[in-house]
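Bear in mind these aren't lab numbers, they're just calculated from the coordinates by the rules spelled out. Predicted model only: the values in this text are computed from it and were never measured. All Cβ positions, glycine included, derive from the backbone under ideal geometry; neighbour counts span all protein chains shown.
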Amino acid sequence: MISSCAVVDFFGPRPNSALVELAQTAQADANTTDDSELAQLRLTQSEELFAEINRVCGLEEDGMVPDSCAISEEDPAGPSASPEDAVAQLIELADDAPEDSRPLLISQAIALAEGHAPLPEEPQEEVLTEATSLLENEYATIYGLDVAEAHGASVDTESHEALTLELSELLGDTAPVADTAYEAEWPDDSDAQAFADELVQASHDRLSAAATTTDDPQWRSWLIHSAAKL
């Protein structure tokens, strides 16, 4: 005879398998790496992912996670991964995770990303449209950073200039060119640094948001690695 509790457990919500795999890999990384800084980052990421698993599953009226969503400590911790492999895993499993979990996965991938990712070889029209918008915004960002620097801010436009070159390469003959001037509420000497910092953060946020919504894994990878450089 099957008890009512057993029925509830059997038919209750289940942890998302993609999130479980990512959480267990992050946990394994935290336990095995000799890099103390990376270990702390991966421990934090594993805690975020296990919390996300519980959030997606939902809570009972008593505030506890449903038994059907519980992950036993005896479950295998999963294989450890290098930062590069962890980024690839986050990108690969992002589409298998709940849609509202993707911003977390993208932010974790950006925190781990190092190096460079190639642009899509055969970009879809949606990618080209997004790349055009990103390029136009980067032109304006560089102009704004130059203005902020003239008012005493410490800025680094090199990564933004690299973005414009790569996006222009992707777009080819259809790439827009920078305007000769841009309009904004320009800063004075007292708030030039805050203005510059906001520009960089806005550029980072645009790349992160694009990586969250795109269906193209190669484009997502490029966006993540580009955001990590800002």
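Membrane-span-like helices in the chain (whole DSSP H runs, Cα extent of at least 18 Å along the helix axis, mean Kyte-Doolittle hydropathy of at least -1.0): 17-32, 36-57, 125-150, 158-171, 192-213.
The charge dipole of the chain, taken about its Cα centre with unit charges on the Cβ of Lys, Arg, Asp and Glu (plus for the first two, minus for the last two), comes to roughly 540 debye. Against the set (i) 125; (ii) 172; (iii) 111, the structure's computed volume of the Cα convex hull per residue in Å³ falls on (ii). Descending by average beta-carbon neighbour count within 10 Å, the peptides 137-149, 168-180 line up as 137-149, 168-180, the highest first. Between Leu165, Gln108, Ala131, whose Cα lies farthest towards the positive end of the dipole of the chain when Lys and Arg beta carbons carry +1 and Asp and Glu beta carbons carry -1, centred on the Cα centre? Of the options given, the answer is Gln108.
Charging the Cβ of each Asp and Glu at -1 and of each Lys and Arg at +1, and nothing else, the dipole of the stretch 125-230 about its Cα centre rounds to 340 debye.
Across the chain, the relative contact order, built from alpha-carbon pairs under 8 Å that are at least six residues apart, equals 20 percent.
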